[in-house]
1. Output the residues belonging to the stretch 123-147 that are more than 14 Å from ligand 2 (Cβ to nearest atom) and aliphatic (A, V, I, L, M).
2. Going through the stretch 5-22 one residue at a time, which ones are crowded, with 19+ Cβ neighbours inside 10 Å and more than 15 Å from ligand 2 (Cβ to nearest atom)?
3. Any residue at all in the stretch 185-207 that is of a type in the set (Phe, Trp, Tyr) and away from ligand 1 (no atom under 15 Å from the Cβ)?
4. Report every pair of residues separated by at least 6 positions or lying on different chains whose Cβ atoms are under 6 Å apart, first residue within the stretch 102-114 and within 16 Å of ligand 1 (Cβ to nearest atom) and among the aliphatic types (A, V, I, L, M), second at pLDDT 95 or above and in a helix (DSSP H, G or I).
5. Name the single residue, out of those in the stretch 163-179 being small (Gly, Ala, Ser) and under 15 Å from Met136 (Cα atoms), that is farthest from ligand 2 (Cβ to nearest atom).
6. Within the stretch 10-22, track down each residue that is closer than 19 Å to Phe142 by Cα and free of Cβ contacts under 8 Å to residues at least 60 places away in the same chain.
7. What's the total number of residues in the stretch 87-140 that are surrounded by 22 or more Cβ atoms within 10 Å (Cβ to Cβ), over 16 Å from Val69 (Cβ atoms) and either of a type in the set (Gly, Ala, Ser) or modelled with pLDDT under 95 (or both)?
Amino acid sequence: MVKIAPSILSADFAALGDDIERVEGGGADQLHVDVMDGRFVPNLTIGPVVVAAIHKRTRLPLDVHLMIVEPERFIAEFVAAGADMVTVHAEACPHLSRTLAQIRELGAKAGVALNPSTPPDALRYVLDDLDLVLVMSVNPGFGGQAFIPGAHRKIRELKALLGDRPVEVSVDGGVKAGLAKSLVQDGATTLVAGSAIFGAADPAAAVRALRDAAR
Ligand code: DX5
Ligand code: ZN
């Protein structure tokens, strides 16, 4: 069954614990945490102290998406703060193989995110070093952007490249209930959604609606 990962970027940061409780009640599988540095992407968000605070408040696995330059400088801090999965951008890692090994050595699952312009082939020589791939279906930096349709083909190409390896394929950006079914058919195993969940009047119902739409 597809996993649903609410992105807290669109939550109410002044009432984050309450928003997390809502999506947990709706059956979310993990929480997606967007970390931005104002360098790799033109926006600033949160750091390890907020991840640690979230970790205390929820039993859901934390899927930490690092949209930062030189992510290797902060991986240990995010794992210590409670990150279960750490995803770095291929475009930000000249030594991707080493960075993925670093994440696994710290005991977390290792993920790579691909910007819309980055081909799946960027992963060809690290396929066995990965636990998840995050296919960006928007240019990262902001919630609430429109889904870029090229992600469908990219997910299919990525699945072919992965073969039977047990790697999660997550899709992030502009995901709405109307896209859920086709994305799962393409091969997505996790749907990340921010505005579609926290922008809804009832975030718990929005989690269920996404899951139902994916069936
Ligand atoms: C974008 C982030 C996404 C974002 C998704 O840079 O990586 O996780 O929060 O938000 P929506 O679902 O609103 O596009
Ligand atoms: Zn994200």
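1. Restricting attention to the stretch 123-147, the residues satisfying the condition of being more than 14 Å from ligand 2 (Cβ to nearest atom) are 123-131, 146.
Those that are more than 14 Å from ligand 2 (Cβ to nearest atom) and aliphatic (A, V, I, L, M): Leu123, Val126, Leu127, Leu130, Ala146.
2. Restricting attention to the stretch 5-22, the residues satisfying the condition of being crowded, with 19+ Cβ neighbours inside 10 Å are 5-11, 19-20, 22.
Listed by number, the residues that qualify are Asp19, Ile20, Arg22.
3. No: zero hits.
4. Short answer, once both residue conditions are applied: Val112/Ala90; Leu114/Ala90.
5. So the first thing to find is which residues in the stretch 163-179 are small (Gly, Ala, Ser), and the list is 163, 170, 173-174, 177-178.
From what is left, the residues that are under 15 Å from Met136 (Cα atoms) are 170, 173-174.
On the way: Ser170: 9, Gly173: 7, Gly174: 11 Å.
The extreme case among them is Gly174.
6. Phe13, Ala14, Leu16
7. Matching residues across the stretch 87-140 total 4.
Conditions tested, residue by residue: (1) away from ligand 1 (no atom under 12 Å from the Cβ); (2) touching a His at 6+ places or on another chain (Cβ under 8 Å); (3) touching a residue at least 12 places away in the same chain (Cβ under 8 Å).
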| position | (1), (2), (3) |
| --- | --- |
| Lys3 | yes, no, yes |
| Ile8 | no, yes, yes |
| Glu24 | yes, no, yes |
| Val33 | no, yes, yes |
| Thr45 | no, no, yes |
| Ile54 | yes, no, yes |
| Val69 | yes, no, yes |
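The values are calculated or read from the model by the stated rules, or taken from the named source; none is laboratory data. Quantities reported herein were computed from a predicted structural model and do not represent experimental measurements. Here Cβ is always computed from backbone atoms with ideal geometry, including for glycine, and neighbour counts include all displayed protein chains.
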